[in-house]
Amino acid sequence: MRSGARSGLGFALVALAPVLTIYATVRIYPIAETLRLSLHNWNIISPRKPFIGLANFEELMGDALFLEALRNTTIIAFAVLAITIPAALALAALINHRYGSRLAGFYETAIFIPHVVSLVPAALAWKWVFDAKLGPLNWLLGRFGVAAQPWLYDPVLAVICVIVLCAWQAVGYAVLILIVGMRNISPSLYEAARLDGANSWQLFRFITTPQLKPVLLYVSVVTLISSFNIYAQAFVLASDSQGAPGKLVRVLVLDMLENSFRNYRVGYAAAEAVILLAIVLVLTGAQFRLFRDRSAAS
Amino acid sequence: MSARDAFAPPPGPSATRRRALCAALAATLMAAPLPALAQQKLTLWSGWTELKPFYERVAAQFKKKHPDVDISVEVIALREHEKRIALAMPSGAAADIIEMQVEYGRYAEAGLLPPANAAATAFVSDPKHFDKFVQDAVSVSGKVYGVPLFRGQTVLFYNTDMFAKAGLSGPPKTMEDYTTYAEKLTQRDSAGKPTVSGWSLRLSGGGMGIAEKFWINMHQYGGAVVREKNGKWFADYANEAGRKTLKQYLDNVIVKKTVSPEMKADAEAFSLGQTAMFIRESWVIGDIAKKAPGLPYATAPLPKGSIVIPVGLYVPTKDAKKAALAWDYTLMANEPENLVWLLDNVGWLPNRKDVDYSGVIKAKPAFEAFVNYPKDHSFFTLPFITPVSEVLTRLAARLEKGYLDPALAGNDAAIDAFLKAAADETNTILKREGFYGAP
């Protein structure tokens, strides 16, 4: 028996070895290397990488651009989460309610398309929407007597533009996952509740939402992590636009790239990456804890 | 061996001949793909998309001279180009020929970029071909590392119709004139908001462009973002030149409102008739020819001088045979016929001086300001030091906020404090990288 279990474990290890090797090479090793680099001063081309301890982290704490990037990224990530999850839940409920109708497929596809459409053309389209002079958004606001807004230039409005673009992209994926979750909820729960006189809102509030908690946890974690990693959205909406004005919304990944490949400070950028990793890990842990506590309480 | 083989007669002359024929045939078949294997491929990386036709044109000529060599031209956006160079140079994975601005120096100093071969060195070192400024821009410690190709140089572009309507007979002569002209040229709606900017200033966007444009304006007042003294550098803008420059931005944006941040800007605004004047490089001429061929405009030199950013071709490849071919390509790109084509069709200014560009300049008078400037016109370039990018990027981030800060407008003390804080940051960066020297 014992030798059978041992040979089974051996087979499992051999079978998993290629995948584990690839995972270790493309995931674990780069993370370990980033952690190591964050403690060194390296200019990308020099063979010398002197160890400088926590000096990169100390400098980051007083770096106005990094702190601005951290603040912007955090605001964007939480705003995207706050918009995406409730919106996705509502949309998923509506689509699920129309399950079986002829247009159900169309609704799902229409909601999911922003997630699969290529980011750069999508961001360019939004750039046009937000254009202060020619954009349809200001035109629409003008119809209601609201003055044209410098969407892509004003420091606050530019962040809002990035949030809208990110939420628009994230909501499709969240809806799809939530619909799958909703369809896995046992119909008997709804039937029992209906027999007890529950209305639609009560069904959604007391059956659908609690039953979706594991799915909501997954969607929240994925949305938050991807929002902390935003880069192209901010870059395309505002930066390097010689003809069109645009406020560069400084986000963490953009700051890292700038420090790595323009300022040639790879160790410094690695320290930023370590901080981003730590934030994401802490927030993910907090989400797990939050959902688990609530699940236990309910 | 079978019994049958054992009793077979030994191979005679015909059998030997047959074997020899078979061997010859096999050898021929094996040798047949050799020409294909011998086909060499060189890769060229560029960061200017508009230059692709130029490089492909030179590649076609190169193919005639070297039929066994293919040139693959890979062009991407400049910022991405800089990133791929930064990644590929240390790992030895860069293309055979690459375009670089001032960053070549750091790769040369690190031993990642070999010097030019004898033919390219002789070509570049010949004072008949290039000015010393251009020769120095591809050299490190007197050793040539690349072949100069073109340069970015700035002049004023102005809309002649708008100038005539505003009663202005010619371009502004001094920096003070620029603001006066901008006021006259600005077109406004009934609420007084500018609809056509009098002078399009770089107020936003990513990267270091904002600081570069600030430096160009400040150069007219005698200032510099960083200045060299005995091989060391220091910030030189927390002074009168810096104050005048920032004050002029604030005057135009906040006080006189000749331009607003949300307006279209730069070459696009000029082509669309949404600005009366702006400062830019020669590529705009080619851009206008494509996008707004009927636009009535002219160019003029800036009051004191201009930035010049030389761009050269470098050969990082270590393979001697490929390197020789690659250097040959860079020299072919510098053939007079190709440089005239470059100026005429792309608009970037070639660096080689012993070429007759008069035909193009006559046909496109807008180039005149780039080549015929006052005798005392002074030029500057970005310093060939590692932290220059960080210095400019951080200054740009500060300026972007400063340009919109009403607390700075008309307040010299606040402007001075703003510039001092920025200059302190610049000096800190220079110190950290070992480039700082007290003024």
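Kindly indicate which of B:Phe130, B:Phe123, B:Phe150 is aromatic (Phe, Trp, Tyr), closer than 22 Å to B:Lys318 by Cα and more than 14 Å from chain A (Cβ to nearest Cβ).
Just one listed residue meets the conditions, B:Phe123.
Out of the range B:253-270, which residues are touching a helix residue (DSSP H, G or I) at 6+ places or on another chain (Cβ under 6 Å) and at pLDDT 95 or above?
Correct list: B:Lys256, B:Thr258, B:Val259.
Does A:Tyr23 qualify as being under 19 Å from B:Leu87 (Cβ atoms) and within 30 Å of the chain's Cα centre (by Cα)?
So A:Tyr23 does not fit the description; no.
Which of the residues that make up the range B:350-390 are more than 14 Å from chain A (Cβ to nearest Cβ), hydroxyl-bearing (Ser, Thr, Tyr) and touching a residue at least 12 places away in the same chain (Cβ under 8 Å)?
Answer for the range B:350-390, where residues must be more than 14 Å from chain A (Cβ to nearest Cβ), hydroxyl-bearing (Ser, Thr, Tyr) and touching a residue at least 12 places away in the same chain (Cβ under 8 Å): B:Tyr357, B:Tyr373, B:Ser378, B:Thr381.
Return the residues of the range A:141-159 that are open to solvent by 30 Å² or more (accessible area, probe 1.4 Å) and either modelled with pLDDT of 95 or more or not in a helix (DSSP H, G or I) (or both); say none if nothing qualifies.
A:Phe144, A:Gly145, A:Val146, A:Ala147, A:Ala148, A:Gln149, A:Pro150, A:Trp151, A:Asp154
I need the full set of residues from the range B:263-278 which are open to solvent by 30 Å² or more (accessible area, probe 1.4 Å) and either more than 14 Å from every other protein chain (Cβ to nearest Cβ) or among the polar types (S, T, N, Q) (or both), in order please.
Of everything in the range B:263-278, just one residue is open to solvent by 30 Å² or more (accessible area, probe 1.4 Å) and either more than 14 Å from every other protein chain (Cβ to nearest Cβ) or among the polar types (S, T, N, Q) (or both), namely B:Gln274.
List the number of the failed condition for A:Val221; all other conditions in (1) outside any helix (DSSP H, G or I); (2) within 16 Å of A:Cys166 (Cα to Cα); (3) not acidic (Asp, Glu) hold.
Of everything listed in (1) outside any helix (DSSP H, G or I); (2) within 16 Å of A:Cys166 (Cα to Cα); (3) not acidic (Asp, Glu), A:Val221 misses just condition (1).
When you scan the range A:139-156, do you find a residue that is of a type in the set (A, V, I, L, M, F, W, C) and in contact with a Ser or Thr (Cβ under 9 Å, 6 or more places away or on another chain), even just one?
yes
Please determine, by comparing only the residues of the range A:81-110 that are touching a residue at least 12 places away in the same chain (Cβ under 8 Å) and of a type in the set (Phe, Trp, Tyr), which one is surrounded by the most Cβ atoms within 10 Å (Cβ to Cβ).
Looking at residues that are touching a residue at least 12 places away in the same chain (Cβ under 8 Å) and of a type in the set (Phe, Trp, Tyr), I get A:Tyr107.
Kindly indicate whether B:Tyr329 is away from chain A (no Cβ under 14 Å), touching a Ser or Thr at 6+ places or on another chain (Cβ under 8 Å) and hydroxyl-bearing (Ser, Thr, Tyr).
Here the answer is no, as B:Tyr329 does not meet what is asked.
Could we say that A:Ile22 is surrounded by 16 or more Cβ atoms within 10 Å (Cβ to Cβ), part of a helix (DSSP H, G or I) and away from every other protein chain (no Cβ under 14 Å) here?
No; evaluated as a whole, the condition is false for this residue.
Please work out which residue is farthest from B:Ile85 (Cα to Cα), limiting yourself to the range A:257-283 and to residues that are open to solvent by less than 30 Å² (accessible area, probe 1.4 Å) and free of Cβ contacts under 8 Å to residues at least 24 places away in the same chain.
A:Ala269
Scan the range B:82-107 residue by residue and report those that are assigned to a helix (DSSP H, G or I), under 19 Å from B:Ile309 (Cβ atoms) and open to solvent by 10 Å² or more (accessible area, probe 1.4 Å).
Listed by number, the residues that qualify are B:Glu82, B:Lys83, B:Arg106.
Restricting attention to the range A:123-140, which residues are within 11 Å of chain B (Cβ to nearest Cβ) and part of a helix (DSSP H, G or I)?
A:Phe130, A:Asn138
Quick one: count up the residues across the range B:61-81 that are part of a loop (DSSP other than H, G, I, E, B) and within 14 Å of chain A (Cβ to nearest Cβ).
Adding up the residues that qualify gives 2.
Quick one: which of A:Asn56, A:Asn41, A:Asn72 is touching a Phe, Trp or Tyr at 6+ places or on another chain (Cβ under 6 Å) and more than 30 Å from A:Thr209 (Cα to Cα)?
A:Asn56
When residues of the range B:188-211 are filtered for being of a type outside the set (Gly, Ala, Ser) and either open to solvent by less than 30 Å² (accessible area, probe 1.4 Å) or touching a Pro at 6+ places or on another chain (Cβ under 7 Å) (or both), how many remain?
8
What residue, among those in the range B:251-262 that are of a type in the set (A, V, I, L, M) and surrounded by fewer than 23 Cβ atoms within 10 Å (Cβ to Cβ), is farthest from the other protein chains (Cβ to nearest Cβ)?
Taking the candidates together, the pick is B:Val255.
In the range A:2-59, which residues are farther than 30 Å from B:Arg432 by Cα and in contact (Cβ under 8 Å) with a residue 40 or more places away in the chain?
none
Does B:Ser204 fit the bill of being free of Cβ contacts under 8 Å to residues at least 24 places away in the same chain, out of contact with any strand residue (DSSP E or B) (no Cβ under 8 Å at 6 or more places or on another chain) and either assigned to a strand (DSSP E or B) or of a type in the set (Ser, Thr, Tyr) (or both)?
No; evaluated as a whole, the condition is false for this residue.
Just to confirm my filter: which strands (runs of 3 or more DSSP E) fall fully inside the range B:275-319 and include at least 1 residues that are among the charged types (D, E, K, R)?
Passing ranges, in order: B:277-281.
Specify the residue that is farthest from B:Arg57 (Cα to Cα); the eligible residues are those in the range B:341-381 that are open to solvent by less than 60 Å² (accessible area, probe 1.4 Å) and hydroxyl-bearing (Ser, Thr, Tyr).
Within the range B:341-381, the match that is farthest from B:Arg57 (Cα to Cα) is B:Ser378.
Go through the range B:226-240 and report how many residues are small (Gly, Ala, Ser) and open to solvent by less than 50 Å² (accessible area, probe 1.4 Å).
Final tally of qualifying residues: 2.
A:Leu212 passes all but one of (1) free of Cβ contacts under 8 Å to residues at least 60 places away in the same chain; (2) touching a Gly at 6+ places or on another chain (Cβ under 8 Å); which number fails?
(1)
Can you work out which of the residues in the range B:279-294 that are over 27 Å from B:Phe214 (Cβ atoms) and not small (Gly, Ala, Ser) is surrounded by the most Cβ atoms within 10 Å (Cβ to Cβ)?
Checked the range B:279-294; the qualifying residue surrounded by the most Cβ atoms within 10 Å (Cβ to Cβ) is B:Lys290.
If I ask for residues that are within 12 Å of chain A (Cβ to nearest Cβ) and touching a Gly at 6+ places or on another chain (Cβ under 8 Å), which ones from the range B:393-421 would you list?
B:Thr393, B:Ala396
Restricting attention to the range B:394-439, which residues are of a type in the set (Ser, Thr, Tyr) and either surrounded by fewer than 21 Cβ atoms within 10 Å (Cβ to Cβ) or assigned to a loop (DSSP other than H, G, I, E, B) (or both)?
B:Tyr403, B:Thr428, B:Tyr436
The values are calculated or read from the model by the stated rules, or taken from the named source; none is laboratory data. In this text, all values refer to a predicted model and were calculated from it rather than measured experimentally. In this analysis, Cβ positions are derived from the backbone assuming ideal geometry, glycine residues included, and neighbour counts consider all displayed protein chains. Each accessible area value is taken on the protein alone, full model and side chains, heavy atoms only, with ligands, DNA and RNA left out. Shrake-Rupley method; radii C 1.70, N 1.55, O 1.52, S 1.80 Å.
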